[in-house]
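The values are calculated or read from the model by the stated rules, or taken from the named source; none is laboratory data. It should be emphasised that the depicted structure is a prediction, and the values quoted were computed from it without experimental measurement. For neighbour counting, all protein chains shown are included, and Cβ atoms are generated from backbone atoms with ideal geometry for every residue, glycine included.
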Amino acid sequence: MTDQTTQTETTLHLPAVPGVSGATLEARRISAWFGDHKVLDRVSLTMPAGLVTALIGPSGCGKSTFLRILNRMHELVPSASLAGEVLVDDQDIYAAGQRLTEARRTIGMVFQKPNPFPAMSIYDNVTSGLKLTGTRMNGDAKDDLVEECLAKAGLWKEVRDRLRQPGGALSGGQQQRLCIARSLAVRPKVLLMDEPCSALDPTSTRRIEETIRELAHEVTIVIVTHNMQQAARVSDQCAFFLAEQGTPGAIVEHGPTDTMFASPSDPRTSDYVEGRFG
Ligand SMILES: Nc1ncnc2c1ncn2[C@@H]1O[C@H](COP(=O)(O)OP(=O)(O)OP(=O)(O)O)[C@@H](O)[C@H]1O
């Protein structure tokens, strides 16, 4: 699908951080529709390796749709369509011949509501993604992977003595960290997080935020959040989405988080980040 009406172009403000892993994710001219309802209009954004990018904006402006386009989940909705490109280290995940499973492995996702397999053990929850990627491992290697991923998700110390207990027996915050550990087990380059703390208490929220900062060195993170303090605490750069008066969502402004909060260039950005609307 093509569209020539309007265009939102944003340029790279921050360079990738040297010495970190993760991949640079680049969305180019992304438009999206549900049926004939256009919800995003030619949105371009670079999310550099090793940085945390926060997507902010009022409800309904297309943040979650944009996020789901970044790992090919949008196409699961029967009426959904899109135009544009998503490049992971210069490879378009929508190019002909690109496998859906590979995109999902490379670009993991953590959702608003923690969704571990409740009856499955904590251990098996962590390794559950390996089947999808066809990864075979012996027992010791699997044990090491489970410990590594739970440690990176900040959960190892709390669950090391009860790995065979069901994932559903953990608290909400622990379940969310288990979901992060599960995502990490398939070695993603990018981790997408859709309001990962909105169902959690303040203490669990802080713990997840610490985890996000710790993970940023090895996986590129893109987080949707309604919480401006959270965006300020965890992100390196922010993109402010807006869908004005029934128009499709677009990025009004993006840049380093400090700048976006201290001296945004667009008055709509300052109105939003200072809580005057949305
Ligand atoms: N499955 C769907 N079918 C039809 N329309 C949808 C669907 N999902 C989202 N939309 C529409 O797409 C637009 C963007 O929604 P989206 O959820 O991406 O916004 P958002 O900024 O993430 O909102 P919120 O902050 O409330 O989660 C909205 O108009 C919404 O009604």
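General remarks:
- Members of segment 39-65 that are near the ligand (Cβ under 9 Å from one of its atoms) and either buried (at least 24 other Cβ atoms within 10 Å of the Cβ) or not in a loop (DSSP other than H, G, I, E, B) (or both): Val39, Leu40, Leu55, Gly57, Cys61, Gly62, Lys63, Ser64, Thr65
- Restricting segment 229-278 to residues that are assigned to a loop (DSSP other than H, G, I, E, B) and of a type in the set (Gly, Ala, Ser), the residue that is surrounded by the most Cβ atoms within 10 Å (Cβ to Cβ): Ser235
- Pairing residues of segment 51-72 that are within 19 Å of Ser235 (Cα to Cα) and in contact (Cβ under 8 Å) with a residue 24 or more places away in the chain with residues that are near the ligand (Cβ under 8 Å from one of its atoms) and part of a helix (DSSP H, G or I), at Cβ distances under 7 Å and at least 6 apart in sequence or on separate chains, gives Leu55/Lys63; Leu55/Phe66; Leu55/Leu67; Gly57/Lys63.
- Residue check, Met109 in contact with a strand residue (DSSP E or B) (Cβ under 6 Å, 6 or more places away or on another chain) and within 14 Å of the ligand (Cβ to nearest atom): yes
One line per residue, one yes/no per condition, for (1) touching a Gly at 6+ places or on another chain (Cβ under 9 Å); (2) touching a residue at least 60 places away in the same chain (Cβ under 8 Å); (3) more than 16 Å from the ligand (Cβ to nearest atom):
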site: Leu76; (1), (2), (3): no, no, no
site: Leu87; (1), (2), (3): no, yes, yes
site: Leu100; (1), (2), (3): no, no, yes
site: Ala103; (1), (2), (3): no, no, yes
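- Residue-level analysis places Ser183 among those that are crowded, with 16+ Cβ neighbours inside 10 Å and either within 16 Å of the ligand (Cβ to nearest atom) or closer than 21 Å to Leu70 by Cα (or both).
- Residue in segment 246-254 that is more than 14 Å from the ligand (Cβ to nearest atom) and touching a strand residue (DSSP E or B) at 6+ places or on another chain (Cβ under 9 Å) present: yes
- Search result, residues across segment 91-147 that are assigned to a strand (DSSP E or B) and not aliphatic (A, V, I, L, M): Gln91, Asp92, Gly108, Ser121
- Within segment 178-208, tally of residues that are in a helix (DSSP H, G or I), over 12 Å from the mean Cα position of the chain (by Cα) and either aliphatic (A, V, I, L, M) or at pLDDT below 95 (or both): 10
- Verdict on Arg68 being within 9 Å of the ligand (Cβ to nearest atom), in contact with a helix residue (DSSP H, G or I) (Cβ under 6 Å, 6 or more places away or on another chain), farther than 13 Å from Ile251 by Cβ and among the basic types (Lys, Arg): yes
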